Amino acid sequence: MMCTNWKMVVSAAFGMRFPKRAVWLATSFSLLLSGCSLFPKEEQILAPPLVEPAPVQYKVAKVERGTIVKSVKGNSTITTADRRELFFKETKGLRLKAFSVKSGDQVKKGQVLAELDAADLEREIVSARYEVDKAKLELLEAQRGNPYEVEKAKLDVQKAEMNAKASETKLAAIEWEKAKLSLAALQDPKEREYQVERAKLNLQQKQVELANLESRWTEAKLVSPIDGKVLFVSNVQVGDEVEAYQKLVSIGDPTKLLVLYSAPDKEALKDVQEGMKVSLTIQGGKEAQGIVVQTPRSIPSGLPEEVADLYQRSLLISPVKLPEGVQLGTPVTIEVILDQKEQALIIPRQALHEFSGRQYVKVLEGKTKKEVDVEVGIQNNTQVQIVSGLAEGQLVILE
């Protein structure tokens, strides 16, 4: 508008008579003020377009009816109720001389499985047997008496008497008295009894020493106490030193089979009780049944620490009847049913929330969500039974 008015003024000025200088100034001023032809017009800044947020997507699951089971499940192997851990009770630095079995071997009762190098012990036994024989002769001599010794003592008395009478010295008289005492001691029946008793005690001592050596020699051989199967063999090599009570071999009776299941911790077995039924799935898909015969709460007292620690988180299961062909070491899967409910309302475990003793779920209704308090029943690793608070078909949000 301003641009137009200035054009009109300038035109009017040209129609009048002004000096040329005035006309030039007016024209220049008109051009300077006219932004229409000399400067670009300022563009209007537009606001950014509004972007509608994407709708929130929830991962949901339906409340459904079905069967929920709480159980203890795990993998184990068939073992035996009669398992013997074999070791040397005393080694005293002895080295392993022989190892004659490997895992899986069948062995007989009395069979030697391993042996320590006890050559020095054998020499001690030979010497101890000689000492026993010598003690037996000494006892026999004490019991029978020695007539030659008595006769010798009598001669000693006569000799001492002659010397005493001949020399008439005090020292000779003393020697005569000593000789008579020695003779009296040999002829005293009580003294003979003492000698016999001493000889008996000496013989008993030598026999005990021999028995101890022979026992150590016997214990230098590891012998199977039963007919059975070798379940474990140590990696100790011939020539290695063996420590006392170091487990070398495990033997099991294959006629007394059971299942030993070890859980990750004791807490996993807190609800298992003796007498509960167990489903067994044998390798190859064969099914069998068993019964819990021992839980962590019922382990016997007096067990070795290593065994007690194992049983604190283990179940012993006695199979009712095993399929043919099952033997020691066969893999088996166990399941102990702790609780079960049919036609129960079930939700995934990840939909349940707990806070300060409150149990609740988040329910999706249309596009809105809300929290609903619930009462729960059976729970397992993946599912939760809803006793109250929800209805079949509702959608719960998984988080």
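The residues packed around Glu392, meaning those with a beta-carbon under 14 Å from its beta-carbon, carry a net charge of +1 if Lys and Arg are +1 and Asp and Glu are -1. Please list, in order, the residues from region 335-359 whose amide nitrogen is less than 18 Å from a point placed 7 Å along the Cα→Cβ vector of Thr281. Of the residues in region 335-359, 335-339 have backbone N under 18 Å from the label point off Thr281. In terms of its alpha-carbon gyration tensor, region 315-372 comes out prolate; a/c meets the 1.5 threshold, and the first ratio a/b outweighs b/c. Label reach from Lys256 (point 7 Å along Cα→C-beta): in region 313-328, no amide nitrogen lies under 11 Å. Under a Cβ-only charge scheme (Lys and Arg +1, Asp and Glu -1), can you give me the dipole magnitude of region 78-150 about the Cα centre, in debye to the nearest 20? Dipole magnitude for region 78-150 comes out near 440 debye.
A Cβ-based charge dipole, computed about the Cα centre of region 234-329 with Lys and Arg at +1 and Asp and Glu at -1, lands at about 540 debye. Surface composition of region 346-390: carbon and sulfur atoms hold 44% of the protein heavy-atom accessible area at a 1.4 Å probe. Within the accessible area of region 89-246, the carbon and sulfur atoms contribute 52%, probe 1.4 Å, all protein chains present. The lysines whose alpha-carbon is closer than 19 Å to the alpha-carbon of Lys266, local same-chain residues fewer than 8 away aside, are Lys70, Lys73. Converting phi to 3J(HN,Hα) with the Karplus coefficients 6.51, -1.76 and 1.60 and the offset θ = phi - 60°, region 68-83 yields 10, 10, 10, 8, 9, 10, x, 10, 7, 9, 6, 10, 10, 6, 10, 10 Hz in sequence order, with x at every glycine or proline. Each label was represented as a point 7 Å from its Cα along the Cα-to-Cβ direction; for Lys341 and Glu365 these points are 2.3 nm apart. A cut-off of 5 Å between modelled amide H atoms, ignoring neighbours fewer than 5 places along the same chain, links Ile378 with Gln385. Electrostatic tally near Gly377: other residues with Cβ closer than 9 Å to its Cβ, Lys and Arg +1, Asp and Glu -1, net -1.
Label sites at Glu354 and Arg313, each approximated as a point 7 angstrom past Cα along Cα to Cβ, lie 2.1 nm apart. For region 341-357, putting each phi into the Karplus relation 6.51 cos²θ - 1.76 cosθ + 1.60 with θ = phi - 60° gives couplings of 9, 9, 6, 8, 6, 10, 10, x, 4, 6, 8, 8, 10, 9, 8, 6, x Hz, in residue order, rounded to whole numbers and with x for Gly and Pro. A crude spin-label estimate for the pair Lys134 and Lys321, with each label 7 Å from Cα along the Cβ direction, gives 7.0 nm. Evaluated with a Cβ-only charge set (Lys, Arg +1; Asp, Glu -1), region 177-257 carries a dipole of roughly 260 debye about its Cα centre, given to the nearest 20. Of Gly285, Leu390, Ser314, which is farthest along the charge dipole of region 279-399 in the positive direction, counting Lys and Arg as +1 and Asp and Glu as -1 at C-beta? My answer, from the dipole projection, is Leu390.
In plain terms, the C-alpha convex hull of region 203-301 casts an average shadow of 11.8 nm² when viewed from every direction.
Only lysines eight or more places from Lys165 in sequence, or on another chain, were considered; those with a Cα closer than 30 Å are Lys152, Lys154, Lys178, Lys180. Using the Cβ-Cβ distance between Ser215 and Ile299 with R0 = 30 Å, the FRET efficiency computed as 1/(1 + (r/R0)^6) comes to roughly 0.40.
Within region 55-119, the proportion of C-alpha pairs whose separation exceeds 20 Å stands at 63%. When you restrict to C-alpha pairs under 8 Å that are six or more residues apart and normalise by the size of region 294-399, the relative contact order lands at 22 percent. When the C-alpha to C-alpha distance is required to be over 26 Å, the pairs from Lys62/Lys369; Lys109/Lys247; Lys229/Lys321; Lys256/Lys341; Lys247/Lys270 that qualify are Lys256/Lys341; Lys247/Lys270. Based on Cα contacts under 8 Å between residues 6+ apart, region 82-216 shows a relative contact order of 29 percent.
The values are calculated or read from the model by the stated rules, or taken from the named source; none is laboratory data. Since we're looking at a predicted model, the values are computed, not measured. Every residue, glycine as well, gets a Cβ built from its backbone with ideal geometry; the counts of neighbours run over all protein chains shown. Note: accessible area is taken over every heavy atom of the protein model, side chains too, but ligands, DNA and RNA are not part of it. Shrake-Rupley method; radii C 1.70, N 1.55, O 1.52, S 1.80 Å.
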